[in-house]
Amino acid sequence: MLEVAAGAEAVRKPGSSFIRPEAGGARSPREQAPVKKRGAGRVFQWVIPLLLAGCTALGLTLLHQHEQSVNLEVLALQQQAKTEALAGKYDSAVSLLDRAGNARPGYAALARDLELAAKAAQLQTRLDSAAGLLKAKKLSEGEKELNAVEGLIGKREEPLFAPLKKELAADQVLLTVLKIKSELDKLSTVDALAAKLDTLKGLSGTEAAAVKKQIIGKIASISYSAAEQKLRKKDFAGALEEVDTGLSYDADNEKLTAYRKQVEEAKREFEKAEAERIQLAQQQAAEEDMKNRTAAVDVTGLQAVLDEYGDLMISGTATNKATRAIYSISVNLSIYDSSGAYLGETYADVSPFRLEPGESGSFSTYYYGVYDQATVSVANATWYLE
């Protein structure tokens, strides 16, 4: 991304002639010829230029050192700006590059780096704005801004844009999560919630994890309510199916796990009670059938009156005690004299011909030639079941 600044323009170093005299130009005091006083001014003719040369060399050395110091400062600022930019601190990078540019104005590499850092800073501002819109639940506006930023940095390959791309990706995940979250209250079926859960697959982050947990919790709640309704209707298979659906998304859900055991226990109790009920019903049916076949007719009000001709007039009432209608009812009667001796028997048909359960009919008949008081008892009754 950022280029390292090259050295400033080289400072011309003084030549060796500015440091020491040329060869053969000076001799030791012993080799020098005697100097007369009137020739002393000639000494300054070569001493003064030598001093000037030394001052010039010192000035150039100091200038060179200053320029080198500036170069080092600019390089340090540029390296620091690079570090800041790669960390996504674009405003800081721009500030550092501004300082470097002021120290070395007109340096093309610094200008290019400053342009890139300023562009990244602008995009960072737009990303911050988009993130603010998302937090304010202005999802449509936030999505529009994120799409615009993506269009601007999507194909940028410079390393300093990497933090922006990472932040953009995180904001896009957050957008997806918030859009799903805003729709959850409208979803009331397991299938609809499961579809949203599939959308979140592959997304990471705290927000995504929280929404996944919320969806799974809602699925578990819906499954529990559906299982309760089916259990009330004694639909044990359906209740277990609903519970298992919830557990398939949240295997460790304690409430669903406990309720599954409750459904299984209710199922066992119901099946046991049902078996006992069937057994009792079968027993009752057998008893009822026996009663219908053997004790369907109850005779009451039996009377025996001897008339003036010596004949015994017998009458009574027959009631249907069966659970089904009976018809063609006949009562067989045994006759005994006053001493209890058996005289004979007779029968009488009940009218009406057919009796519903609980209905009663009457019968009457004669037993002739008794001539004395007698008693009558019911020997048996016959009937047909519908």
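With a simple spin-label model that places each label point 7 Å from the Cα along the Cα-to-Cβ direction, the separation between residue 276 and residue 337 comes to 6.0 nm. For the stretch 104-121, the residues whose amide N sits under 20 Å from a probe point set 7 Å from the Cα of residue 80 along the beta carbon direction are 104-107, 109-118, 121. Projected label points at residue 384 and residue 147, each 7 Å from Cα along the beta carbon direction, are separated by 8.8 nanometres. This model, with +1 at the C-beta of Lys and Arg and -1 at the C-beta of Asp and Glu, gives the stretch 173-254 a dipole about its Cα centre of some 260 debye. Contact order for the stretch 296-385, expressed relative to its length and based on alpha carbon pairs under 8 Å spaced 6+ residues apart, stands at 38 percent. Extents of the stretch 116-239, largest first, come to 71, 24, 19 Å (Cα atoms, principal axes, whole angstrom).
The alpha carbons of the stretch 175-226 give a radius of gyration and a Dmax of 10.4, 32 Å, in that order.
In this entry, the stretch 187-271 is assigned a mean projected area of 5.5 nm², taken as a quarter of its C-alpha convex hull surface. Using C-alpha pairs under 8 Å with a sequence gap of at least 6, the mean separation divided by the residue count of the stretch 187-271 gives a relative contact order of 25 percent. Two numbers describe the Cα atoms of the stretch 296-385: Rg and Dmax, which are 13.7, 42 Å.
Of the GluC sites (Glu not before Pro) found in the stretch 131-210, those that fall in a DSSP loop while having at most 12 other beta-carbon atoms within 10 Å are 157. Placing dummy labels 7 Å off each Cα toward the beta-carbon, the span from residue 328 to residue 182 is 8.5 nm. Karplus-based coupling profile of the stretch 253-264, in residue order and whole Hz: 5, 5, 5, 5, 4, 5, 5, 4, 4, 5, 5, 4, with θ = phi - 60° in 6.51 cos²θ - 1.76 cosθ + 1.60 and x standing for Gly or Pro.
Values quoted throughout were computed directly from the atomic coordinates according to the rules given, and no laboratory measurement underlies them. Remember, predicted model here, so these are calculated numbers, not experimental data. Positions of Cβ are generated from backbone atoms using ideal geometry, with glycine treated the same way; all protein chains shown enter the neighbour counts.
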